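For reference, the structure is listed below as C-alpha cells.
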Amino acid sequence: MVDYDTLNFMTPYKYTESDLENAVLEWLEEMGYAIAFGPDLAPDGESPERASYKDVILENRLRGAVAKINPSIPQEAQEDAIKKVISTAYSSPDLLSANSAFHKMLVLGVDVEYRREDGSIAGDKVALIDAQNLDKNDWLAINQYTVTREGQYSATAKAFEGTRRPDVIVFVNGLPLAVFELKNPAELNAKAMSGDLDEPTAFHQIQTYKSEIPSLFAYNELCIVSDHVKNALVGTLSSDAERFVGWKSVDGKDRTKTNDLATLIRGIFAKDRFLDIVRNFIVFENEKDSRNNVTKIIKKLAAYHQYYAVNKAVKSTIEAASPTGDKRAGVIWHTQGSGKSLTMVFFAGKIVEELDNPTLVLLTDRNDLDGQLYDTFLKCGELIRQIPKQAGDRNELKKLLSVASGGVVFPTIQKFMPEEKGDKHPLLSDRRNIVVIVDEAHRSQYDFIDGFARHMHDALPSASFIGFTGTPIELSDKNTRAVFGEYIDVYDIRRAVQDKVTVDIYYEPRLAKIELLKAMTPAIDVEFEELTEGEEVEKKEKLKSKWARLEAMIGSEKRIALIAKDVVEHFEARRGAMDGKGMFVAMSRRIAVELYDEIIKLRPQWHSDGIKGGFIKVVMTGAASDPAHYQQHIHAKGERDVLADRMKDPKDE
C-alpha cells in the first residue's frame with residue numbers, strides 16, 4: 001500500500017491522478033467499503049451488474065438491501081418503491097427538483113400501499129437505508145464508472161454517442177450518493193478549484209457531468225473535488241465554487257490546517273457519520289431572487305464545525321432534559337458569518353428526532369431578528385418535519401404550548417415579560433419536553449437579574465435551555481452561564497478566517513470628533529440602548545427624551561457633512577483598488593436619512609427612486625406617520641428582500 005501522506009510532492013511525475021484515485025479507494029476500503037472497478041460491473045464486463053450504460057443505479061443491490069431492511073413489507077410493495085426511486089431521475093426537467101424528491105425518499109422512506117390479508121389497504125413507507133443497523137446496508141466504492149451522455153443520440157449508429165466517467169462513486173444500497181472528481185497534480189493547470197472558467201478544474205468537470213449525465217446526479221448527496229492529498233473540498237449540486245469547503249476534522253476535536261483528503265474521507269464517510277450527514281445535515285431551501293422574481297432551489301450541506309457542534313449540543317441537551325439533568329444545555333459560540341442560523345436549524349431538526357418530538361421555543365430579543373430566524377426555519381421545514389409558527393401575543397403563545405408534544409414556536413422576549421415590572425409571569429406549561437433555544441444568549445436586554453431567568457422559570461419551569469451566540473460571553477458574565485451553562489462548542493473568528501468561512505476583518509479608525517460639553521455629560525443616558533433594543537419602534541421613539549441630546553451631538557449637521565465627505569472619498573479610492581460594497585450603521589433613523597441626503601449632494605448620480613436602481617439605499621423600519629422625507633426609505637418586506645439580493649449580488653452596481 002502506498003503511503004500517500006509521505007509522497008514527494010516536489011516531483012509531480014511520481015504522483016498522478018491514479019494515485020489520488022487509489023488513495024480514495026484504499027481509505028474507503030479501510031472503513032469497510034467494498035471496492036470495485038467500473039468496467040468489471042459494466043454490461044459487457046466480467047461481473048455485470050448493469051443492463052445498460054444508461055443505468056446509474058445498481059438495481060440488484062438496491063433490491064437486496066430493500067428486502068433486508070423492510071422484511072415486513074410485501075415484495076410487491078418493495079418493487080413499487082424501487083420503481084419510484086428509479087423514475088425519480090426523470091420526474092422533473094429541473095435536476096435539483098428531482099434531487100430534492102429523491103432526498104426526501106432517502107431520509108423519510110418511499111410511500112407505498114398494499115393490500116393486507118383482510119382485504120384492507122395499508123399505507124406504509126419503504127426505507128432505503130438503515131441508520132441504526134449499518135450492516136444491513138450495502139457499501140461500495142467504484143472507480144471509472146461509465147455513464148452514457150444524454151442528448152447525444154446518433155441516428156447512424158442508432159445509439160447515444162459519448163460517455164462520461166467520474167473518477168470514484170460511493171454507492172449505498174446501489175444508490176450513487178457521492179461523486180469524487182480528481183485532477184492530476186502533475187498537470188500544471190489542472191486544479192480542484194479555480195476562478196478562471198477556462199482552467200480544467202475538478203469543479204468545472206462536476207458542472208459538465210450535471211448537464212451531460214444528470215440522471216447520475218439526481219441521486220447525488222455530496223460532490224468531492226481534489227487535486228492533492230492536502231487539497232480536497234466538498235459541496236452539493238447547487239454549490240458554487242465558493243461553497244465547496246474543506247472538512248478539517250475526523251472527530252470534532254483535532255483539526256487539520258489544510259484541507260486533507262484523508263481527513264475529509266475519514267470525517268465524512270465513516271458509515272455512521274455519512275448516514276447522519278445525509279439524513280440530518282442537508283437542507284433544501286427555496287430561495288427567491290426578488291430582483292428577477294424567480295425562485296430557485298438551493299441545497300446546503302453543514303460545514304464540519306456545524307456538524308460536530310450540533311451533535312455535541314444534542315448530547316448536552318438530552319442530558320440536561322433528563323430527569324436528573326439541570327436543564328442547562330450550554331452555549332454554542334459560533335462567530336458571526338459562520339452560519340449560526342443554519343446551525344440552529346440543524347440542531348432543531350436533530351433534537352426533534354432524538355428527544356421524541358419535543359416542543360421547541362425559539363427566542364429572540366427583537367422583532368426583526370425573530371422574522372429573520374423564522375424565515376430561515378420556514379425554508380427548512382422538511383428537516384424539522386413541521387411548520388414553525390409565530391406567537392402574535394401571550395395568549396397565542398400559551399395556546400401553541402398547550403400541546404402534549406411537538407411544535408416549533410417563535411415568540412420574542414417581550415412575550416415573557418409580565419404586564420408590570422416585578423409581577424410574576426403566569427405558568428404557560430410545566431412539561432419537561434420543551435427546549436428553549438435562545439438566539440444571542442449573552443445580550444444584556446434579556447435582563448437576567450430582574451427578568452428573563454425568573455420569568456422564563458415561572459412560565460416554563462421544567463424546560464431546558466440552550467443558547468447560541470455570535471460573540472463571546474464576557475468572563476464576568478455570570479448570569480448567562482447561570483441560565484444556560486458553559487460553552488458546548490466554540491468557533492471563533494480566528495478559525496473562521498483560517499477556514500475561509502469568513503473574511504479577515506481590518507479596523508481603520510476614522511474619527512469625527514464629537515464636541516461634548518462637560519456640563520452635558522451627566523445628562524446622557526448610557527443605558528438607552530440596553531433599555532430599548534428589544535422594544536417596538538413606537539415605544540422606542542417615546543423613550544428618546546433621555547437620549548436625544550447625545551443623538552443630536554452625534555448627528556450634528558457639521559459632523560454628518562464631514563463623515564459623508566470622508567466615506568465617499570474613502571470608498572471611491574477603495575473601489576479603485578478592489579471590488580466590494582459598503583455599509584453604514586447609524587445611531588438613529590434621522591441620522592441615516594440625513595447622511596444619505598448629504599452623500600447624494602456629493603454624488604447625485606448615486607440616487608434612484610426605483611428599488612432596483614441606485615448606488616446607495618437606506619434600510620430602516622418606519623410607519624406612515626413618519627415625516628414625509630423618511631417615506632422614500634421605508635420599504636415593505638418584498639422591497640427589502642430585493643435590496644438584500646442586490647447587496648449580495650457582486651454584479652449589482
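Among the GluC sites (Glu not before Pro) in the stretch 23-54, those located in a DSSP loop and surrounded by at most 10 other Cβ atoms within 10 Å of their own Cβ are GLU46. As a ratio to 2.2 N^0.38 Å, the alpha-carbon radius of gyration computed for the stretch 218-333 takes the value 1.26.
Stretch ASP652-GLU59 to full length: gain in nm at 0.36 nm per residue minus the Cα-Cα span?
208.7 nm
When the alpha-carbon atoms of the stretch 46-116 are used, the pair Rg, Dmax equals 13.3, 42 angstrom. If R0 is taken as 41 Å, the Cβ-Cβ distance between ILE297 and MET31 corresponds to a FRET efficiency of 0.85. Extent of the stretch 23-158 along its three principal axes (Cα atoms, max minus min coordinate, largest first): 53, 44, 29 Å.
Where the only charges are on Cβ atoms (+1 Lys, Arg; -1 Asp, Glu), what is the dipole of the stretch 250-372 about its Cα centre, to the nearest 20 debye?
380 debye
In this structure, GLN631 and TYR506 have a Cβ-Cβ separation that, at R0 = 30 Å, corresponds to a calculated FRET efficiency of about 0.25. In this simple spin-label approximation, LYS601 and GLU353 carry label points 7 Å from Cα along the Cα→Cβ vector, and these lie 6.0 nm apart. Oblate is the label for the stretch 554-653, because the ratio a/c of its alpha-carbon gyration tensor axes (a ≥ b ≥ c) is 1.5 or higher and a/b is not greater than b/c.
If you roll a 1.4 Å probe over the heavy atoms of the protein chains, what accessible area per residue do you get for the stretch 23-131, in Å²?
Using a 1.4 Å probe on heavy atoms only, each residue of the stretch 23-131 averages 50 Å².
If R0 equals 30 Å, the separation of the Cβ atoms of SER556 and GLN336 corresponds to a calculated FRET efficiency of about 0.45.
When +1 charges are put on Lys and Arg Cβ atoms and -1 charges on Asp and Glu Cβ atoms, the dipole computed for the stretch 257-302 relative to its Cα centre reaches about 40 debye.
Volume per residue for the stretch 560-617 equals 89 cubic angstrom (convex hull of Cα atoms). With the charge dipole of the stretch 214-364 set up from +1 on Lys and Arg Cβ and -1 on Asp and Glu Cβ about the Cα centre, the Cα lying farthest toward the positive end among the listed residues TYR219, GLY235, ALA270 is that of GLY235.
The values are calculated or read from the model by the stated rules, or taken from the named source; none is laboratory data. As the structure is a computational prediction, the values presented were derived from the model and not from experiment. Using ideal geometry, Cβ is built from the backbone for each residue, glycine included, and neighbour counts are taken over all protein chains shown. Each accessible area value is taken on the protein alone, full model and side chains, heavy atoms only, with ligands, DNA and RNA left out. Shrake-Rupley method; radii C 1.70, N 1.55, O 1.52, S 1.80 Å.
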